[in-house]
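The values are calculated or read from the model by the stated rules, or taken from the named source; none is laboratory data. It should be emphasised that the depicted structure is a prediction, and the values quoted were computed from it without experimental measurement. Positions of Cβ are generated from backbone atoms using ideal geometry, with glycine treated the same way; all protein chains shown enter the neighbour counts. Remember, those area values only see protein heavy atoms, side chains included, never the ligands or the DNA or RNA. Shrake-Rupley method; radii C 1.70, N 1.55, O 1.52, S 1.80 Å.
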Amino acid sequence: MTTAPGTAPAPSFPALRRRLTTEVWIVLGLSLGRSGIYALVNIVARLTEGTPLAEQSATLNASRSPRPYVDLTYQLLSIGFALVPVALALYLLSSHGRSAVRLIGLDGTRPGRDLGVGVGLATLIGVPGLALYAAGRALGVTVEVQASALNAAWWTVPVLVLAALQNALLEEVIAVGYLTERLRELRWRTPAIIAASALLRGSYHLYQGIGPFVGNVVMGVVFAEYYRRRRRVMPLVVAHTVLDVVAFVGYALVPAEWRDALGLS
């Protein structure tokens, strides 16, 4: 097959594979892969510091300044910059003029169905996840997780909701949509793609202990398999947002005695 004058020939598959592999490493190095490395170092540090995991804690949403509006500024900046890798991944997937949001099903074409499936997935994952967390605390392999330590202010709940949405977009777009599409182009087999996505998800939760790592790997398998079947990320974003909103905002609403029993406070 000949190419038109002035048109560069299509790259060979080995050249395309090298380019895509490099691209994947760059995207992960700017986002979840970096978080996974830090989490791995963190769990090694926790396991070797001499204090049992059950007596250690991790805070997910902490205040960054005692001055409310300075804290709000930091929180919004953190959320905004955390979404830059999402924009990068979507930009890279939109090569050749195709729509990245349509490619991975991040559009709003099925709002009712996506909402229903998302809430269902959140229920499917959330209840066993809480039980696994409690079991991990009882076994001493999970740290005490404080879901929110933001100072009380009028903007606390809205910021926690935005943080939940940011987490959902970052993780589901990159760990599921982007990674699956790129690994398919690299001709990975389906089990390997699902395993890579699930292990990546588990890796950046390692700082919370072994229980959350296992729970998130299971969640990763379920979400990656759903995406393989449906090619839609939006229900996964909905599910993840619901899970995090319940964890972040609902944390303060859980009775103190329940939090003590679950090792949440």
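Restricting 62, 39, 58 to residues that are in contact with a His (Cβ under 9 Å, 6 or more places away or on another chain), touching a residue at least 24 places away in the same chain (Cβ under 8 Å) and either of a type in the set (A, V, I, L, M) or under 27 Å from residue 140 (Cα atoms) (or both) narrows the list to 39. Taken over the range 216-239, the residue count meeting the criterion of being open to solvent by less than 10 Å² (accessible area, probe 1.4 Å) and part of a helix (DSSP H, G or I) is 8. Of all residues assigned to the range 146-156, none qualifies as being of a type in the set (A, V, I, L, M, F, W, C) and assigned to a helix (DSSP H, G or I). Helices (runs of 4 or more DSSP H) fully within the range 4-113 that include at least 3 residues being modelled with pLDDT under 95 and either over 20 Å from residue 169 (Cβ atoms) or open to solvent by 60 Å² or more (accessible area, probe 1.4 Å) (or both): 13-29.
For the range 31-83, the candidate set comprises residues that are among the aromatic types (Phe, Trp, Tyr) and more than 25 Å from residue 133 (Cβ to Cβ); within that set, the residue that is farthest from the chain's Cα centre (by Cα) is 69. Could you list, ordered by first residue, the pairs with Cβ atoms under 9 Å in which the first is in the range 108-125 and under 11 Å from residue 234 (Cβ atoms) and the second is assigned to a helix (DSSP H, G or I) and basic (Lys, Arg), at least 6 apart or interchain? Between residues of the range 108-125 that are under 11 Å from residue 234 (Cβ atoms) and residues that are assigned to a helix (DSSP H, G or I) and basic (Lys, Arg), the close pairs are 109/102; 117/230. Looking only at residues of the range 151-200 that are among the charged types (D, E, K, R) and more than 19 Å from residue 26 (Cβ to Cβ), we find that the one that is surrounded by the fewest Cβ atoms within 10 Å (Cβ to Cβ) is 187.
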